[in-house]
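One structure is given below, encoded as structure tokens.
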Amino acid sequence: MSEHDSVDLKPTPGDRLANFYKRSDVIQSTIFGVIVTGIFVILGGKFYTKWMPTVMSTDMKAIERLMVVFTWIAAPVCGVVLGVALYTFLNRHSGDTQPPDGPATRTNGPIVLLWSVVTSLLALTAVVYGITELNSSSIASAKNAEDAMVVNVTGSQWVWTFEYPKLGVTSHELMLPINHPVTFHVNSVDVNHSFWPVQLGVKVDANKVAETTAETTPNKLGEFDVKCAELCGLYHAYMETTGEVMTVDDFNNWVVAQGGHSA
Amino acid sequence: MTTLDQHVGTRPIPNPKKSLITKLNAGTGLIVGIIFALLTYRGLSTVLDISVYELNNRVLLATMFMWSIGFLAGIGAFIGPIRWLIGEDLTAEEQLYMAGDGQGIKRYFKYCTDHKVVGIQYLWGVIVLLAVGGAMAMMIRTDLANPGGHFITPSVYNSLVGLHGITMIIALIIVATGPFGNYIMPIMIGAADMAFPRLNALSWWVLFTAIPVLCSAWFLGGIPTGWTAYAPLSVQAGPGMNAFIATIIIFAISTAVSGANITATVITMRAKGMTWNRVPIFVVGATLSVAMAIPAFPTFMLAMIMTAMDRSFLTGFFDANVGGTGWLYAHLFWIMGHPEVYVILLPGVAILIEIVPVFVRKPLFSYTSAIVGFAGIVGLSFLVWAHHMYMSGWMPMLNGPFMVTTEMISVPTGLIFLVILGTLWNGKPWLKVPMLGVYAFLWNMLVGGITGLYLSDVPADMYLHGSMYVTAHFHYTLMGAALTGAVAGLSYWYPKMTGHMLHERASYISFWLVQIGFQVLYLGMFIAGAEGQPRRVVDYAEQFATSNKISTMGAYTIGIGFIVLLWAVIHSWRHGKIAPMNPWGAKTLEWTVPYPVPLVNFDTPPVVTSDPYGYGRSAK
Amino acid sequence: MSSDIKFQVHHDAPEAVGRRERLGVRLLIVADGAFVFGMIFSYFYLRNLDHNGGWIPKNGHTFSASSGWMAVLPLIVAALVHKLAQRDPSHQGSFSLITLVAYIYGGYYQLHQLANMPFIVKDTGAFEGAYASCWVVIAGANFFHYFVAGFIALGLVFRSRRATVNPILESWRIRTAASWFTWIAVSGIAFAITTSFI
């Protein structure tokens, strides 16, 4: 992919295509471009899977996939840009005098057109892919909405409070049963907060009075972090708590232990 | 178009009837401003009970605005309008005096209408703002070097974050259009001065009055809201918030004035023969940037007026109990906020595009693409604001459309890349310091653009929004691209602005320190963001320790790099190598005038017969 | 808005100066227009949202739609009178005097409304609701328009009595002033329409 794009930067109409491929600058730029593209494809994917936290829901899985796919979409662009940049950087003119003039190429219609079409297509790919993911996640959450467990999340300076209305439990830690869809109804009593159960891959602002919602289905047992992602005053940094995805039995036991009635 | 002033050759001793103008300067401005402020504060605090929250806010706001008005009165900003009002227009001699003719270094401390003086004033204003904002960044990174560090308290930290943010935003908005837009651009288009020289002086001195106001925030309890100043947090915040509000309102006035001035200059005062397809690309970029700022900033000003009203008069714009909402603030803020990002970016990019052909000795590749790219960015930037509000819940069903418009911006941005790459291709670049900036831009903007792609995507933003990842992303675009462009512009135009070459070795060292430190700093921050560290936190969990430590090391490297640059700028100002008239062999008009640039720039009005990119072997 | 003859542009053709000044004023009008647009946007945004019924709370007060129109009527009248001044430069001074009077009256009327607005809750000193909040900023914007226009009109009156003023440049300046006068009349109408939706 990168090979073709690098070649497309050929600005001298007089050159024959066959000779063009043999030119050392074309070959070198192409090699640089391919290497850069390869690095981005390999490392770009690794970067996110390595650093992003444990995936504990399908939403988080989708996010991680998106990050990797977007890196792939961007990789050839990096290849073209950096291939040419690296080549010209290494073949610079040294010395304190001005370099000799280069060819007086003003523009190259087909190249501009091709470049515009290719970048538009890449952008379009990103748009279509993003819209599809957005759509599928909202379809999934709509499907789950009926039998979802409702948790009322309230942000206040600087504490998260979780209320399970059907179970009669209120807690400062977010306990969730595994593989059971959950809907968060998020509110604030003072300033804006942003409810962020990190490993579940959802985030939504907590506004005063106006309720916002977010849905997810945790699918992995374990602890996760709940943070505030919107500057909310003095102790914003400390407005965090933990949560845990439990087996259904453990969850029911927890509910009972908290004085609620199990589902 | 411009005719020469008769007085240039003779330089009469300016003595315009001993009028008031000759007696006023920044010193009298300071005195009158402080008197106004003190009287206002004393007067109002006897009438109003300042222990009451909203009354205290009223007193402080009034004091700040009166300082600004007093300073402007004291420096003579209102002489022109009042003389117009009473029908005694300023005489030619008085105008010549106001242009600072023959007044040496004193004119830099006066209400001077010469665009070159205003450009230098802006340059030093920017340097001071960047130094202050940079020092704050160093303190932030020092605090974040270790988890659980108690270098500073949460309250100080939050103030630092807000002050660093707004200081840097203001600095970056003017970093290119202030010094170079005022000093270089009129010469570049062959004009004798700006369209409205007095407004030019006004825009600088109004901005100047905002700086002490902004600094006063520190003594009033700081700006604990971040530079976004989201309501209702800003309504809840302490008295320091008044300083933020006053600063923004004053700054918005300055921006509108200078935006109108620069735009009118470029539209009406180009040299004979400089048709629209012959305008240097920096002029196009800077003009589009300030023209975009004209409609953008008033909405921010409106949001600030509403915040001030909520705080001082207990209105209910952002108070959910009486029908207000923080969403309204977010809308008004981001309707300004996203164009503002490109207000910062465009001039920096335009400087770099201006530089490439000079150092590659080739014509600019596809001038049209550059224009289309700029215009596309400007057009789309007004349609993308709500991508900052994906998670706010104001209307989730519109997230899709805003995602589309946002991702479409990558197409015009791609054209900018094409222009630079096409110019580089087949050329042998002369890697002087300005040209190095072009390479730094290519990499930084690539990273900034691609990470922007993730953030524009709703599901991915669900994870990244409000995390350190966002912070790293916008530093790549604003600092890595726009500031890099402005620094390249400084070393490029420094010879014309000071008559000396910028110390070459020092600026090389500075370049590499800054750029390498930059990559280290924000690589660490991307990792922290991907790991899930929220932004604007004074403290973080143990798991983020490594990435934050990396970031802090990078930050210190940048700090050292900029200190080296600052030394170079100060040292070379007087002691640098004397610059030839056209050290880079460029073809734009500013290199045809000598240093010091004459008062009216050109001895004979230039006539332009081609665009300034006629480099190349087969060129005529 | 204000004069900007400069030493070096002094020798420019008056048409060029006039064109430049009108462009500058129009660009500033764009800035003011963004402000006005933002305010109208805010008005309808809060009106449609009506959080907690807080747009106009129970027992809340409002201004009638007609009082909004009354406040901007002088703007419209003055803009029309100024058109006559442009048509008939020999009587420009008298026409400008009428515009000045209109602006002073309008500014006074707007201040009077602001001083007597019924929205303040007695116990707390707070505004009743979002409608009241929007109304006061709109009234403030109108007053700002009156203030600037009054300054310009006053200048035109003074200057029309001066022999030292260059008559050709002055006619361009009157045209420039017309841009601002027309714009504030338009924005006043937009505000009045907005506040008609209570």
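Report the gain in length on full extension from residue A:173 to residue A:90: 0.36 nm times residue separation, minus Cα-Cα distance, nm rounded to one decimal.
Taking 0.36 nm per residue and subtracting the Cα distance, the gain is 24.2 nm.
Given R₀ = 41 Å, what would the calculated FRET efficiency be for residue B:219 paired with residue B:146, taking r from the Cβ atoms and rounding to 0.05?
The calculated FRET efficiency here is 0.90.
In whole percent, and with a 1.4 Å probe on the protein chains, what portion of the accessible area of the range B:106-213 is carbon and sulfur? If you can, show how the numbers build up before the last one.
Values: 1880 of 2450 Å².
Here it works out to 77 percent.
Convert each backbone phi in the range B:42-50 into a coupling constant with the Karplus relation 6.51 cos²θ - 1.76 cosθ + 1.60 (shift: θ = phi - 60°), then list the ³J(HN,Hα) values in order as whole Hz, x for Gly and Pro.
These are the phi-based 3J(HN,Hα) values: 4, x, 6, 6, 7, 7, 9, 8, 7 Hz.
The range B:554-593 to the range B:404-424: how many Å between their Cα centroids?
If we compute the Cα centre of each part, the gap is 29 Å.
In whole angstrom, note down how far apart the Cα centers of the range B:146-218 and the range C:116-158 are.
31
Go ahead and run the numbers for FRET between residue B:546 and residue C:108, Cβ-Cβ distance against an R0 of 56 Å, rounding to 0.05.
Result of the calculation: an efficiency of 0.25.
Quick one: which residues, 5+ away or cross-chain, put their amide H under 5 Å from the amide H of residue B:538? H built at 1.01 Å from N.
Under 5 Å from the amide H of residue B:538: A:237.
For the modelled label position 7 Å from the Cα of residue B:105 along Cα-to-Cβ, which residues of the range B:114-139 have backbone nitrogen atoms closer than 19 Å?
B:116-128
What does the charge add up to near residue B:611, with Lys and Arg as +1, Asp and Glu as -1, over the other residues with Cβ less than 10 Å from its Cβ?
Around residue B:611, the charge tally is +3.
Taking Cα centroids, how far is the range B:492-530 from the range C:33-103 in Å?
51
What full-extension length gain, to one decimal in nm, is calculated for residue B:397 and residue B:607 as 0.36 nm per residue of separation minus the Cα-Cα distance? Write down the numbers at each step before the final one.
Numbers: separation 210, 0.36 × 210 = 75.60 nm, distance 5.49 nm.
Taking residue B:397 through residue B:607 to full extension adds about 70.1 nm, to one decimal.
Return the inverse of the average 1/r over all pairs of distinct C-alpha atoms in the protein assembly as shown, which is the Kirkwood hydrodynamic radius, in Å to one decimal.
After inverting the pairwise mean of 1/r, the radius is 30.8 Å.
Based solely on C-alpha atoms, express the radius of gyration and the Dmax of the range A:24-164 in angstrom.
23.5, 75
Whole number please: convex hull volume per residue of the Cα set in the range A:149-257, in Å³?
Each residue corresponds to 84 Å³ of Cα convex hull volume.
Take the residue pairs B:106/B:587; B:116/B:587; B:106/B:577; B:23/B:496; A:208/C:58 and return only those whose Cα atoms are more than 28 Å apart.
From the list (B:106/B:587; B:116/B:587; B:106/B:577; B:23/B:496; A:208/C:58), the Cα-Cα distance tops 28 Å for B:106/B:587; B:23/B:496.
Label-point separation (nm) for residue C:83 and residue A:113, each offset 7 Å from Cα along Cα-to-Cβ?
The answer from the label model is 5.1 nm.
At 7 Å along the Cα-to-beta-carbon direction for both residue B:573 and residue A:129, put a label point, then send me their distance in nm to one decimal.
That separation, rounded to one decimal, is 5.0 nm.
Would you mind checking which residues have amide H under 5 Å from residue A:175's amide H? H placed 1.01 Å from N; only 5 or more apart, or other chain.
A:244
Could you work out the local net charge near residue C:182, counting Lys and Arg as +1, Asp and Glu as -1, over the other residues with Cβ closer than 12 Å to its Cβ?
Spelling it out: positives minus negatives among the neighbours equals +4.
In terms of Cα to Cα distance under 26 Å, which lysines are near enough to residue A:143, apart from those fewer than 8 places away along the same chain?
Leaving aside lysines fewer than 8 places away in the same chain, those within reach of residue A:143 are A:61, A:166, A:203, A:220.
Share of antiparallel DSSP beta bridges in chain A, in percent to the nearest 5? Provide the component values of the computation, followed by the final result.
Values: 25 of 37 bridges.
Antiparallel: roughly 70 percent of the beta bridges in chain A.
Considering amide H positions built from the backbone, and no H for Pro or chain starts, which residues 5 or more places from residue B:467, or on another chain, come under 5 Å of its amide H?
Counting only residues 5 or more places away or on other chains, the set is B:535.
What does DSSP give for the protein assembly as shown in terms of the percent of beta bridges that are antiparallel, rounded to the nearest 5?
Of all bridge pairs located within the protein assembly as shown, approximately 65 percent are antiparallel.
Roughly to the nearest percent, how much of the accessible area of the range B:245-311 is carbon and sulfur, given a 1.4 Å probe?
The C+S portion of the solvent-accessible surface of the range B:245-311 is 72 percent.
Tell me what chain A gives for mean residue ellipticity at 222 nm when only DSSP H runs of n ≥ 4 count, each as -39,500 (n - 2.57), the sum divided by the residue total, rounded to 500 deg cm²/dmol.
Mean residue ellipticity at 222 nm (helix-derived): -15500 deg cm²/dmol.
What is the calculated FRET efficiency for residue C:59 to residue A:142, with r their C-beta to C-beta distance and R₀ = 35 Å, to the nearest 0.05?
About 0.25, to the nearest 0.05.
In whole percent, and with a 1.4 Å probe on the protein chains, what portion of the accessible area of the range C:14-196 is carbon and sulfur? Could the numbers behind the result be given before it?
Values: 5370 of 7950 Å².
Whole-percent figure for carbon plus sulfur exposure: 68.
Return the value, in Å² to the nearest 100, of accessible area buried between chains B and A (probe 1.4 Å, both sides summed).
Using a 1.4 Å probe on protein heavy atoms, the buried area is about 7700 Å².
What ranking of A:208, B:110 comes out by heavy-atom accessible area, probe 1.4 Å, highest first? The partial results should precede the final answer.
On the way: A:208 60, B:110 25 Å².
I get A:208, B:110, largest accessible area first.
Give, as ranges by residue number, the residues of the range B:494-513 whose backbone N falls under 17 Å from the point 7 Å along Cα→Cβ of residue B:595.
B:494-508
Separation between the residue C:115 and residue B:375 pseudo-spin-labels, each 7 Å from Cα along Cα→Cβ, expressed in nm?
5.3
What is chain B by shape, rounded, prolate or oblate, if you read a ≥ b ≥ c off the alpha carbon gyration tensor as root eigenvalues and call it rounded for a/c under 1.5, prolate for a/b larger than b/c, and oblate otherwise?
Oblate is the answer for chain B, as a/c is 1.5 or above yet b/c matches or exceeds a/b.
How high is the relative contact order of the range A:176-242? Use alpha-carbon pairs under 8 Å, at least six apart in sequence, and give a whole percent.
The value is 35 percent.
Taking 1 over the mean of 1/r across every pair of different Cα atoms in chain A, what Kirkwood radius in Å do you get?
That comes to 22.4 Å for chain A.
The values are calculated or read from the model by the stated rules, or taken from the named source; none is laboratory data. These numbers come from a predicted model, not from an experiment. No Cβ is skipped: glycine too gets one built from the backbone with ideal geometry, and neighbour counts run over all protein chains shown. Ligands, DNA and RNA are stripped out before the accessible areas are found, and what is left, the full protein with its side chains, is counted by its heavy atoms. Shrake-Rupley method; radii C 1.70, N 1.55, O 1.52, S 1.80 Å.
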